[in-house]
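Everything below concerns the one structure shown next.
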Amino acid sequence: MTDKKKKKKKKAEYWPGTGRRKRAIARVRISEGSGQISVNGKDFEEIFPSSFAKKIATLPLNLTGKIKDFDISIICSGGGKKAQPEAIKMGLARALVKFDPTLRITLRKAGYLTRDSREKERKKPGLKRARRAPQWQKR
């Protein structure tokens, strides 16, 4: 019987982070690279053409000065134009903390690790929206 050596596959070195805001969920993976950002397999600029969204999403990288140090892969679903970049911001901050725990203090002070739990209240039966009652009519 021959002794077979087990070949170990080199695991892709990445640090994950999950961010949430309203109904948006962003799963972020950062790995050392050249600063390329992809969202749902497409370029970041293609998904978020506004500079406002890019600015919001990359705030943790700008704060820590690591904007060009990582390749970032993001899977984002739900939410809207404002909630998704904010979910990405939180996911990036969490991933950076996994990469380097000393960044936790900086990111915590900036408020990037705190979950904003405000969500839309559900609609109630007999009402137009969550609390808006139908207009009262005398006759």
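Please treat every number below as a calculation from the coordinates, not as lab data. No experiment lies behind these values; they were computed from the predicted model shown. Here Cβ is always computed from backbone atoms with ideal geometry, including for glycine, and neighbour counts include all displayed protein chains.
Observations on the structure shown:
- Principal-axis tilt of helix 83-99 within the chain, Cα atoms, nearest 10 degrees: 30
- Largest GNM mean-square fluctuation among 93, 26, 53, using the chain with Cα springs under 10 Å: 53.
- Size of charge dipole - the chain - debye, nearest 20, with Cβ of Lys, Arg +1 and Asp, Glu -1, no other charges: 1100
- For region 18-120, the relative contact order works out to 42 percent when only alpha carbon pairs closer than 8 Å and six or more residues apart are counted.
- Potential extension, residue 102-residue 34 segment - 0.36 nm per residue separation minus Cα distance: 22.3 nm
- Of the residues 98, 54, 124, the one that moves most in a GNM of the chain with alpha-carbon contacts below 10 Å is 124.
- Extension gain, residue 75-residue 50: 0.36 nm per intervening residue step, less the Cα-Cα distance, totals 7.1 nm.
- Distance violations [Cα-Cα > 19 Å] among 82/123; 55/81; 42/120: 82/123; 42/120
- Estimated [θ] at 222 nm from DSSP helical runs (n ≥ 4, -39500 (n - 2.57)) normalised by residues in the chain, nearest 500: -8000 deg cm²/dmol
- Note on residue 123/residue 68: beta-carbon distance plugged into 1/(1 + (r/R0)^6) with R0 of 41 Å gives a FRET efficiency of 0.35.
- Amide N proximity, region 35-70 versus residue 13 label position 7 Å along Cα-to-Cβ, cut-off under 20 Å: 35-37, 65-70
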